[in-house]
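Following: one structure in structure tokens, then a few remarks.
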Amino acid sequence: GPGGNFPSKVAALLRAGAELDDICVRAVSGASYMSAENLLRQFWQFINSIPGTNPAVIAGANEKCIEAGRMIQGVRSAGSWKAYIRRPLKDVCALRGLVTKG
């Protein structure tokens, strides 16, 4: 269905160092550049505009778009994929430090 394993593809691109800004999108009308967030938004709009699609399929695709959007937002706020992945570990270490201080 629409969206397939979209979040895992986004994760693979981010892990490989894909840019979050100035992504070249090629279409019949020519090339344009946009952010990952705008590209995701256009993908979401496309999925939701497919006529006659089962609402359950659309709901599943929407969830996958939300998951991909959270990854993109997390990488952007952390500064890199590596920092994004390590964030939970840093949070646990900080919590452990607070607990040991009492």
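The values are calculated or read from the model by the stated rules, or taken from the named source; none is laboratory data. What you see is a predicted model, and the numbers here were worked out from it, not measured in a lab. Here Cβ is always computed from backbone atoms with ideal geometry, including for glycine, and neighbour counts include all displayed protein chains. Side chains included, ligands, DNA and RNA excluded: accessible areas come from the protein's heavy atoms. Shrake-Rupley method; radii C 1.70, N 1.55, O 1.52, S 1.80 Å.
By how many degrees, 0 to 90 and rounded to 10, does the Cα axis of helix 81-101 deviate from the longest principal axis of the chain?
That works out to roughly 30 degrees.
What does the helix-only formula give at 222 nm for the chain: each DSSP H stretch with n ≥ 4 adding -39500 (n - 2.57), the total divided by the residues, and the result rounded to the nearest 500 deg cm²/dmol?
Working: 4 runs with 68 residues, N = 102.
Taking each H run of at least 4 residues, the total per residue is -22500 deg cm²/dmol.
Between R26 and E63, what length comes free when the chain is fully extended (0.36 nm per residue of separation minus the Cα-Cα distance, one decimal in nm)? Intermediate values should be presented prior to the final figure.
Working: separation 37, 0.36 × 37 = 13.32 nm, distance 2.57 nm.
Length difference between fully extended and current span is 10.8 nm.
So, with +1 on the Cβ of K and R and -1 on the Cβ of D and E, and no other charges, what is the size of the charge dipole of the chain about its Cα centre, to the nearest 20 debye? List each step's numbers first, then the result.
Numbers: 13 positive and 7 negative charges, 106 e Å.
Value, rounded to 20: 500 debye.
Within the chain, count lysine pairs with alpha carbon atoms under 18 angstrom apart where the residues are 8 or more positions apart or belong to different chains. Intermediate values should be presented prior to the final figure.
On the way: K9/K64; K9/K82; K82/K90; K90/K101.
Lysine pairs meeting both conditions in the chain amount to 4.
Would you mind telling me which residue in G74, G60, G30 has the biggest mean-square fluctuation in a Gaussian network model of the chain, where springs connect alpha carbons within a distance under 10 angstrom?
With Cα springs under 10 Å in the chain, the top fluctuation among G74, G60, G30 is at G30.
Looking at region 6-102, which GluC sites (Glu not before Pro) are in a loop (DSSP not H, G, I, E or B) and have at most 16 other Cβ atoms within 10 Å?
Working: sites: E19, E37, E63, E67; in loops: E19.
Here the sparse-neighbourhood loop sites are E19.
In degrees, nearest 10, range 0 to 90: what is the angle between the Cα axis of helix 55-78 and the longest Cα principal axis of the chain?
Taking Cα atoms only, the helix is inclined about 50 degrees.
Ordering W81, W44 by how much accessible area each has at a 1.4 Å probe, largest first, what is the list?
Details: W81 45, W44 110 Å².
Solvent-accessible surface, decreasing: W44, W81.
Please work out how much accessible surface I72 shows to a 1.4 Å probe, ignoring ligands, DNA and RNA, in Å² rounded to 10.
10 Å²
Take the alpha-carbon positions of region 12-74, form their convex hull, and give its projected area averaged over all directions (one quarter of the hull surface) in nm².
Numbers: hull surface 19.9 nm².
Mean shadow area of the hull around the Cα atoms is 5.0 nm².
For region 65-102 and region 1-61, write down the distance between their C-alpha centroids in whole Å.
Here the two parts' Cα centres lie 24 Å apart.
How much of the accessible area of the chain, in percent, comes from carbon and sulfur atoms when a 1.4 Å probe is used?
Numbers: 4270 of 7260 Å².
Result for the chain: 59 percent of the exposed heavy-atom area is carbon or sulfur.
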